[in-house]
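Shown next, in structure tokens, is the structure this report addresses.
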Amino acid sequence: MPRDQYARQSLGSTYRLVKESRVLLVGAGGIGCELLKNLVLTGFGEIHIIDLDTIDLSNLNRQFLFRQEHIKKPKALVAKEVAQKFNPGVKLIAHHANIKDRQFNLEWFAGFNIVFNALDNMDARRHVNKMCLAVDVPLIESGTTGFKGQVQVIKKDKTACYDCTAKTTPISYPVCTIRSTPSQPIHCIVWAKSYLLPELFGVSEDEPTELDHSGDTDNVEEIEKLRQEAQALKKIRESMGSDDFAKHVFDKVFKEDIERLVNMEDMWKDKKPPEPLSYETLEQEASSINSSIKLDGQRIWSPAENFIVFKDSLSRLSHRLAEEQSKASKTAQPLPTITFDKDDDDTMDFVAATGNLRAIIFGIETKSSFDIKQMAGNIIPAIATTNAMVAGLCVMQAFKVLRGEFTRTRWLWLWNGSLRTDQLEKPNPECPVCSVAMGRVHVDLEKATLNDLVQDVLRTRLGYGEELTVLTDAGIVYDPDLEDNLEKKLTDLDIEDASFILVKDEEDDNPRIDLRLAIEAKKPTDQSKPVALVEKEGETLDIPRRPTKEDAPNGGDVDGDDANGSVVTNGFSIAPPTVKRKRDLVDDDAASGTPAKKLQGPVAAEVAKNSALNAIVIDEDDGTLLIADDD
Amino acid sequence: MTTEIAPRDVTPPPLQAPTAKEKKYDRQLRLWAASGQRALEDSHVLLIVGDEYQGSNSSVAGVEALKNLVLPSVGSFTIADSAQVTVSDLGVNFFLDSDSLHKSRAEETRRLLSELNPDVTGHAITTPLAEWLPVEGSLKPYNLIIACAPIPSEILQRICFYALQSSIPAIYVQSAGFYASFSIQLPSAFPIVDTHPDPESTQDLRLLAPWPELDAAVDSLGDISSLPDHDHGHIPYILILLYFLREWKANHNGNSPSTFKEKTEFRDLVRSRARVDNPEGGEENFDEACAAVLKSITPPPIDSGCKEMMAMHLCTSLSSDSANFWVIANAIKQFYETHGVLPLPGSLPDMKATSAEYIKLQSLYKAKARSDVAEVTTTVRHTESLLSRETTIPESEIEAFCRNASHVRVLTNPAHEPFPSLRLGSGDHKTISRIASLLENDWEALLPVFVGLNARANPSSPLDVTALTSDPELLETLTKATAEVERVSGGELHNISSVIGGMVAQEAIKLLTRQYVPVDGTCVFDGIRSKSGVYKI
Ligand SMILES: [Zn+2]
């Protein structure tokens, strides 16, 4: 009996597709480890795995390819080494690198049959999404948080992309709440993490995103005072390393600044004012505490215990900074700083202790450092079980993708252990990423000028008229009133390998939709042309025209209320952007040319008779699960 | 993402950093806390693989489930499997390597699983089930049994019987090709205190049943129309609502708004009193009050699960060896009968208010919660002495119960029913007719998968699918599913077993930690359509 007997048996003809496929796995974390195991044992022919991270102790409760002895080693390399043993027949290639590096250009992405995203941050997710769309490689996107997880197939022009729905932005707090009038533990923690720690150990010009300045104009005076306070704190920073540094810091932030607040009598007319703390009193109390007691993270510390942790963590951080600064000065590197990291005990202890001391001042309840870690670190709970399920579901979607059955791919949700599915959404016509036309150009970067691009490719080859605008990330580089750049080399305009430009058709009459062109450094076959459009054999790039109002079908048909309203539209479909869920993804029937069956609600008996009626889906009202981040 | 930290050699801090263990399990402690972790670490899970050779005997699903329990640090596990490793095992089971060939599968998977986590102890039993299972006390060490299908009826029966008798849960898992399923057999009563309800649903503000101190806080507002703008704009919305409820009641024969129409009218009343002649042109605290009307002007919540619990025989008739849970449940019941409400959970949402006002209101809710816990504790202590119980129930257990009282659940298996696969195998008529009636409303069309997986539960008399339906199309679906299972002849697809192993472990964690509500019944998974459903068969 052969080794792959069971896979052959169950997968049938799909097994050959699996064996011949070349896939990219981005991320070797919680989902990544599971996915790699599944891909290897399912028999995928060639697997590339990429991850920038190294292994941390807190990974070991779920990232099962890693052990104690692997801590601090690169995830991608260890994952490859461990997984290779389990199927010597699979070709595994590991990259310990950032997926956004230029070496991973479009040509490289184009070499894969499927890309799996198992990432922990939105920025990289967006990047991979954009790259996959540009080369039309299907992407299977996944995420988990605690017992919840989700899988989404992204295929250009067929399904919604990662950026088709707006993602939630993090919560922010008004500056005055954080700096002057805290009322909840989180306000004190944000103060410790986003104000005090950076002021003492960071680059203080950094503007923390957790502070919301929109209300600043209402409190001009107070804001000015706060600015002065911060200035004074910077002065104290200069005494770092001296014996009374801790006392200076303490007296400044827990006594003087508070006294100033108390003196603003208007604020405390009919409520309890904050009470400044005394360094001497706490020092006295702390001296009676046996310093060998265990300050565990689950218990709530007393004021004196917070004081001990404050002094101790401050000293640890000061030493660290001094050491790193002396190292950096020898090598003429930029001055090092210390930034908050939830898994760095020094910064974590500092934030817990100073946040609690501030809470005591304002009569707010204090928290255990375990809880503070959660609140300060945005910790996403993560366990093996959910990752296992999500990774398995990714591979099942991959089977459908390999067979080209995009209409049968589903949006999958795990919600506390139960699996729900939904049809994938159509691309959002308003989406800034996938609603544009996409193309690639090969460029001889040594020679190519902007004129080569505008004249040869855009006007001659693609038929653009005079009125067009070309933009890079930095802004407009060409429009009819800005011809100075035409003779410049593309590289002088920062148009490099693996960068993107956007072309807008500005003609009044029947303009084209926006076009995003990917730049690839590769000499075109026709030596006389330094810039050439890349087209697959037998295909020509034809940029659709912007739809006019008359073309738009009646938006009412795609309303999410109609549970099974499969809608087939002719030509370009436009739905009002307010529609949350559109069920117009044509299903199997429609794909083969016949109109999608319109079912009037789930007719129980009919469905029970025929398990092939996949049009019936569980209607999930709550579609707001955050795509989570499991590192 | 972790930031690299340069090595340093300063003197070690006088404080002990969080233990390595706390750090390693940090991400899961966020889900089930230290109490859940302790319960998990006190557990010993037994994985049983059947002796009769049929493909890989769902052993990959079982081992994958164990993997997901070893990683979060279950105390111990034991694998009972008499098979030797074959070449096809190597292609489907990640926890075997090429050195494992022809060796004991139990021993080899134990070895490789143990490598995952040095905190976990693994054991292997390599003798056939029929030899060791009948030995007196053979199942005693375990508090959860996971059995991998197929297992012969007489053996499975023994496992089910033991689990019911000793009140431990058991799970039966099946995986073949693209199809998989698992069933949970619960003890006759399975109480869960910490069900982790949606935080939104746990809010209990007592707006319609204020206690004297909360009333006094409303009194102290005086006539709010005479307050200066700043104070008026900082009254916590809870007090605003209570204030206007008094006014409403005075004009409505002492009744609170109860219908949707009345609540909307009440909301209009509140809105009309917000001041708009200020620079902001409105008041945020009044906006919050209006937004909370529909959700918060409701009688104190009590879940049906809690009501069911209070009606249970175990709750009403205590004995000296009643579980702690029931002693507290009984005290909660007495509390509810006396006051018409459950103990107050005591938490307060964020709201627009001055810090001082917010903190004052918060301590009001906390104090009430504490005094409710104290009352329940008194009842518990009284019961303990009445029943002359030897140990006292820890304070923390009573407190946790009070905090979650409204959402406590007791799952039951009153008829002591074993796994449906076992009942089907013995041709139980009740089970067959239950499946037949479930098939009539099986919108997800997943039951045929379960039927397919169990058609040969009793090899000597295969299931007659015509007994399940007379509908020709449905009959064809059932026959197809059965044929698909036969075609793959017990061969597992790693990926499917990995998914079902994840699901089984997830439920196992719920059962072992006694947190969250586990699947009550049979979960069926169809990997061809990526669909799953839960059935009470
Ligand atoms: Zn999009």
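Things to note:
- For the residues A:GLU520, A:GLU487, the requirement of being away from the ligand (no atom under 16 Å from the Cβ), farther than 29 Å from A:LYS100 by Cβ and touching a strand residue (DSSP E or B) at 6+ places or on another chain (Cβ under 8 Å) singles out A:GLU487.
- Count of residues meeting criterion [within 17 Å of B:PRO191 (Cβ to Cβ) and touching a Cys at 6+ places or on another chain (Cβ under 9 Å)] in segment B:500-525: 1
- Among (1) in contact with a Lys or Arg (Cβ under 8 Å, 6 or more places away or on another chain); (2) surrounded by 18 or more Cβ atoms within 10 Å (Cβ to Cβ) - the single one B:ARG105 does not satisfy: (1)
- Pairs linking a residue in segment A:417-443 that is farther than 30 Å from A:VAL531 by Cα and within 14 Å of chain B (Cβ to nearest Cβ) to a residue that is assigned to a strand (DSSP E or B) and within 10 Å of the ligand (Cβ to nearest atom), with Cβ atoms under 9 Å and 6 or more positions apart or on different chains, are A:LEU424/A:ILE154.
- Scanning segment B:478-500 for residues that are polar (S, T, N, Q) and more than 7 Å from chain A (Cβ to nearest Cβ), we see that the one that is surrounded by the fewest Cβ atoms within 10 Å (Cβ to Cβ) is B:SER489.
- Taken over segment A:462-504, the criterion of being basic (Lys, Arg) and out of contact with any helix residue (DSSP H, G or I) (no Cβ under 7 Å at 6 or more places or on another chain) is satisfied by A:LYS489, A:LYS504.
- Residue within segment B:42-53 that is within 12 Å of another protein chain (Cβ to nearest Cβ) and open to solvent by less than 10 Å² (accessible area, probe 1.4 Å) present: no
- Helices (runs of 4 or more DSSP H) fully within segment B:63-139 that include at least 1 residues being more than 32 Å from the chain's Cα centre (by Cα) and aliphatic (A, V, I, L, M): B:87-92, B:129-132.
- For segment A:27-46, a tally of residues being among the hydrophobic types (A, V, I, L, M, F, W, C) and surrounded by fewer than 24 Cβ atoms within 10 Å (Cβ to Cβ) returns 1.
- Among the candidates B:LEU424, B:LEU411, residue that is touching a strand residue (DSSP E or B) at 6+ places or on another chain (Cβ under 8 Å) and either not assigned by TED's automatic domain parsing to the domain that holds B:ALA374 or not in a helix (DSSP H, G or I) (or both): B:LEU411
- Taken over segment B:375-392, the criterion of being open to solvent by 50 Å² or more (accessible area, probe 1.4 Å) and part of a helix (DSSP H, G or I) is satisfied by B:GLU375, B:THR378, B:ARG381, B:HIS382, B:SER385, B:LEU386.
- Spans of helices (runs of 4 or more DSSP H) in segment A:99-180 with at least 1 residues within 16 Å of the ligand (Cβ to nearest atom) and either assigned by TED's automatic domain parsing to the domain that holds A:ASN387 or not charged (D, E, K, R) (or both): A:122-135
- Condition met for A:ASP296 (under 27 Å from B:TRP32 (Cβ atoms) and at pLDDT below 90): yes
- Residue tally, condition hydrophobic (A, V, I, L, M, F, W, C) and open to solvent by 10 Å² or more (accessible area, probe 1.4 Å), over segment A:365-378: 2
- Of residues in segment A:424-444 being touching a Pro at 6+ places or on another chain (Cβ under 6 Å) and within 26 Å of A:LYS400 (Cα to Cα), the one most open to solvent (accessible area, probe 1.4 Å): A:SER435
- Some residue of segment A:392-408 being more than 16 Å from the ligand (Cβ to nearest atom), more than 14 Å from chain B (Cβ to nearest Cβ), open to solvent by 30 Å² or more (accessible area, probe 1.4 Å) and part of a loop (DSSP other than H, G, I, E, B): yes
- So B:LEU139, is it buried (at least 17 other Cβ atoms within 10 Å of the Cβ), free of Cβ contacts under 8 Å to residues at least 12 places away in the same chain, hydrophobic (A, V, I, L, M, F, W, C) and assigned by TED's automatic domain parsing to the domain that holds B:LEU46: no
- Residues in segment A:15-26 that are farther than 30 Å from B:ALA483 by Cα and surrounded by fewer than 18 Cβ atoms within 10 Å (Cβ to Cβ): A:ARG22 alone.
- Top-ranked residue in segment B:501-525 [being more than 8 Å from every other protein chain (Cβ to nearest Cβ) and among the charged types (D, E, K, R); ranked as farthest from B:ALA149 (Cα to Cα)]: B:ARG514
So that you can scan it fast, the table gives a plain yes or no per residue for (1) closer than 13 Å to B:CYS402 by Cα; (2) part of a helix (DSSP H, G or I); (3) of a type in the set (A, V, I, L, M, F, W, C):
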{"site": "B:PHE325", "(1), (2), (3)": "yes, yes, yes"}
{"site": "B:ILE328", "(1), (2), (3)": "yes, yes, yes"}
{"site": "B:ALA331", "(1), (2), (3)": "yes, yes, yes"}
{"site": "B:LEU342", "(1), (2), (3)": "yes, no, yes"}
{"site": "B:SER347", "(1), (2), (3)": "yes, no, no"}
{"site": "B:LYS352", "(1), (2), (3)": "no, no, no"}
{"site": "B:LEU361", "(1), (2), (3)": "no, yes, yes"}
{"site": "B:ARG370", "(1), (2), (3)": "yes, yes, no"}
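- Checklist (1) within 12 Å of chain B (Cβ to nearest Cβ); (2) open to solvent by 50 Å² or more (accessible area, probe 1.4 Å) applied to A:GLY12, failing item: (2)
- Qualifying residue in segment A:428-437 (condition: among the charged types (D, E, K, R) and more than 16 Å from the ligand (Cβ to nearest atom)): no
- A:LEU471 within 18 Å of A:ASP526 (Cα to Cα), more than 16 Å from the ligand (Cβ to nearest atom) and either surrounded by 15 or more Cβ atoms within 10 Å (Cβ to Cβ) or within 14 Å of another protein chain (Cβ to nearest Cβ) (or both): no
- Subset of segment A:362-374 (residues that are within 11 Å of another protein chain (Cβ to nearest Cβ) and of a type outside the set (Asp, Glu)): A:PHE362, A:GLY363, A:ILE364, A:SER368, A:SER369, A:PHE370, A:LYS373, A:GLN374
- Near pairs, Cβ below 8 angstrom, 6+ apart or cross-chain, from segment B:186-215 (on the phi > 0 side of the Ramachandran plot) to any residue that is open to solvent by less than 20 Å² (accessible area, probe 1.4 Å): B:HIS196/B:GLN515; B:ARG206/B:LEU214; B:ARG206/B:LEU344
- Here B:GLU440 passes the criteria (1) closer than 16 Å to B:SER183 by Cβ; (2) within 8 Å of another protein chain (Cβ to nearest Cβ) except the one numbered (1).
The values are calculated or read from the model by the stated rules, or taken from the named source; none is laboratory data. In this text the structure is predicted, and so the values were computed from the model without any measurement. Reconstructed Cβ throughout: ideal geometry from the backbone, glycine too, with neighbour counts over all protein chains shown. What goes into the accessible areas is simple: the full protein's heavy atoms, side chains included, and nothing from ligands, DNA or RNA. Shrake-Rupley method; radii C 1.70, N 1.55, O 1.52, S 1.80 Å.
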